[in-house]
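See structure below.
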Amino acid sequence: MVELRDATEADLPAILSITNDAIKNSDAIWAYTAQTMAQRRAWMKDRQDKGFPVVVAVEGDVVLGFASYGPFRPYEGYNRTVEHSIYVAELARRRGVGRLLLAEMVIRAERAGMHAIVGVITASNEASVALHRDSGFQSSSVLPEFGRKFGRWLDLVFMYRLFETNSHED
């Protein structure tokens with residue numbers, strides 16, 4: 001049975017492996033260079049120190065995927081908007097793990113008082129676009145040829161979900 005929990009230091013090797021697989025074998029991350037353990041550790045510490053979630057999906061002792069969200073942009077006017085990331089290990093794809101992780105990010109963002117959560121997706125990633133659409137996200141815009149990987153130009157799509165918020169504070 002797949003369970004979700006907050007990530008710990010012990011999960012970093014699996015998080016690193018999943019990240020580097022996405023860098024090497026997909027256009028989900030528009031990076032060419034593999035991450036190091038030090039980089040992933042610093043990323044997780046930064047997220048957690050700022051109160052942002054890093055969640056893993058596990059089955060027994062096996063990490064199947066991870067998700068997080070953080071600031072959408074660095075300016076104060078965006079402080080109620082977060083951008084999420086979700087990555088699933090190859091062995092766990094098409095098993096609903098991504099759906100569970102996305103639902104958890106939505107729940108946590110809403111509980112944290114966010115007004116919007118954004119997914120920035122390679123437009124040709126039909127599975128991710130469909131997952132977001134099925135999870136109540138709207139497509140905002142497609143930015144054509146905004147990045148390059150594997151010798152081809154990639155389009156970027158922004159998908160978002162808004163929450164009702166009670167706060168009118170800036």
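Values quoted throughout were computed directly from the atomic coordinates according to the rules given, and no laboratory measurement underlies them. Model, not experiment: these values are computed from the prediction. Ideal geometry is used to build each Cβ from the backbone, glycine not excepted, and the neighbour counts take in all protein chains shown.
A crude spin-label estimate for the pair N25 and H115, with each label 7 Å from Cα along the Cβ direction, gives 4.1 nm. Taking 0.36 nm per residue of sequence separation and removing the Cα-Cα distance, the A130/E76 pair yields an extension gain of 16.3 nm.
Listed by chain and number, the lysines placed with their C-alpha closer than 28 angstrom to that of K24 are K45, K149; residues fewer than eight positions away on the same chain are left out. Modelled spin labels at I107 and D61, positioned 7 Å past Cα toward Cβ, are 2.7 nm from each other. With both labels modelled 7 Å from their Cα along Cα-to-Cβ, the A34 to V2 distance reads 2.6 nm.
Mean-square fluctuations from a GNM of the chain, with a 10 angstrom spring cutoff on Cα atoms, peak among P74, P144, P13 at P74. For the chain, a Gaussian network of Cα nodes joined below 10 Å ranks F66, F137, F146 by mean-square fluctuation, and the top entry is F146.
When the chain is treated as a GNM with alpha-carbon contacts under 10 Å, the residue of L100, L12, L91 showing the greatest mean-square fluctuation is L91.
Secondary-structure-derived ellipticity at 222 nm for the chain, considering helices only, amounts to -9500 deg cm²/dmol, per-run term -39500 (n - 2.57) for DSSP H runs with n ≥ 4.
Per residue, the convex hull spanned by the Cα atoms of the range 24-66 measures out at 110 cubic angstrom. For a distance above 26 Å, tell me the whole-number percent of Cα pairs in the chain that qualify. Taking all Cα-Cα pairs of the chain, the fraction more than 26 Å apart is 27 percent. Listed by number, the DSSP H helices of the chain that run 24 Å or longer by alpha-carbon position along their axis and have mean Kyte hydropathy of at least -0.5 come to an empty list.
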